[in-house]
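The values are calculated or read from the model by the stated rules, or taken from the named source; none is laboratory data. Values in this document were obtained by computation on a predicted structure and should not be read as measured data. Note: ideal-geometry Cβ built from the backbone for every residue, glycine included; neighbour counts use all protein chains shown.
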Amino acid sequence: MEQLKKCPLCSGERISHHLTIPDYFLSKENFSVSKCLDCGFIFTNPRPAKNDISFYYKSDDYISHSNKNTGVISFFYKIVRNYSLRQKYNLISKFKSHGHLLDIGCGTGEFLHFMHLHNWHATGIEPAPEPRYFAVNNYLLDVFDEEILSSLTPESFDLITLWHVLEHVEDLNLRIQQIKKLLKKDGLLIIALPNCLSWDAQHYKNFWAAWDLPRHLYHFTPSTINLFLRKYQFNIFYVHPLKFDSYYISLLSEKYKHGKSNFPKAFLNGFRSNFSAKRNGNNYSSLVYFIKNENS
Ligand SMILES: [Zn+2]
């Protein structure tokens, strides 16, 4: 395990213990999250060492990495995924219609494939070998391991996307610097993240599925992602809620809390989360941030 002595966002050293949360999904081990007293950033601390983290992804149930999955939640996930591909495409089309796309953490490549079929030149990054091979063999996509990020041509991408990926990245600051370098001056950066200030996060507390420890290393809120991006001269100019995520996260959280899926209750709580977010502060369970370079 690796203990962080400084806040990954502001480098502050005043860090306090925030919560202890088990890995309900896989190992059942306990993990902790810390909170920076200077900037409010919440992050997993201590975290598994770099060489040990892949152990915590080793499950056939890790849905974004697998298409073999059966079961009710997985079935629900795939229906939503197909709908959300179209939704993502429509959202992006409001701002850009074609060009070079880099999808970081592309998993099995469904989004890249969809974009490729709709006029985009598509490149993917996926550190896990199995989903990467699937994307390459099944969709004939250009998908590479993350080392390639340091050797791609600077300012060559019109669009860079990270769909629920930044919270998994080992070195947050290095990754955003690489992105800054690769994005064209007038390029669009899209980052989707869970929001630990959402109603469902407050309701489920330690059982909230989107803590997903120790796979999620960072737990952003709208204000901490804004602070982080400003540090690299990026501006958030538009925020879009992913309203299905509150239902999906509630469904998983019910399972963690009570040992079984409870559809009516998860549906009700998903609805309550969205309803609450609409009325106060846009604190949806998941948010998509649309970002551009300052002065562009
Ligand atoms: Zn801080």
message: Pairs please, first residue from the stretch 241-270 and over 24 Å from N82 (Cβ atoms), second anywhere and at pLDDT 95 or above and assigned to a loop (DSSP other than H, G, I, E, B), Cβ atoms under 9 Å, 6+ apart in sequence or on different chains.
response: Y256/W208
task: Please state which of the following conditions C39 fails to meet, knowing it meets all the rest: (1) in a strand (DSSP E or B); (2) in contact (Cβ under 8 Å) with a residue 40 or more places away in the chain; (3) over 17 Å from A210 (Cα atoms).
output: (1)
field: In the stretch 1-33, residue nearest to the chain's Cα centre (by Cα) [restricted to those that are within 16 Å of the ligand (Cβ to nearest atom), closer than 17 Å to N173 by Cβ and without any contact (Cβ under 8 Å) to a residue 60 or more places away in the chain]
entry: C7
statement: For the stretch 227-244 the number of residues that are in a helix (DSSP H, G or I) and surrounded by fewer than 17 Cβ atoms within 10 Å (Cβ to Cβ) is 2
task: Answer yes or no as to whether L193 is surrounded by 19 or more Cβ atoms within 10 Å (Cβ to Cβ) and assigned to a strand (DSSP E or B).
output: yes
- prompt: Are any of the residues in the stretch 203-212 more than 29 Å from S11 (Cβ to Cβ), buried (at least 18 other Cβ atoms within 10 Å of the Cβ) and among the small types (G, A, S)?
  reply: yes
field: Leading residue by the ranking (surrounded by the fewest Cβ atoms within 10 Å (Cβ to Cβ)) among those in the stretch 137-153 that are touching a residue at least 12 places away in the same chain (Cβ under 8 Å) and among the hydrophobic types (A, V, I, L, M, F, W, C)
entry: I148
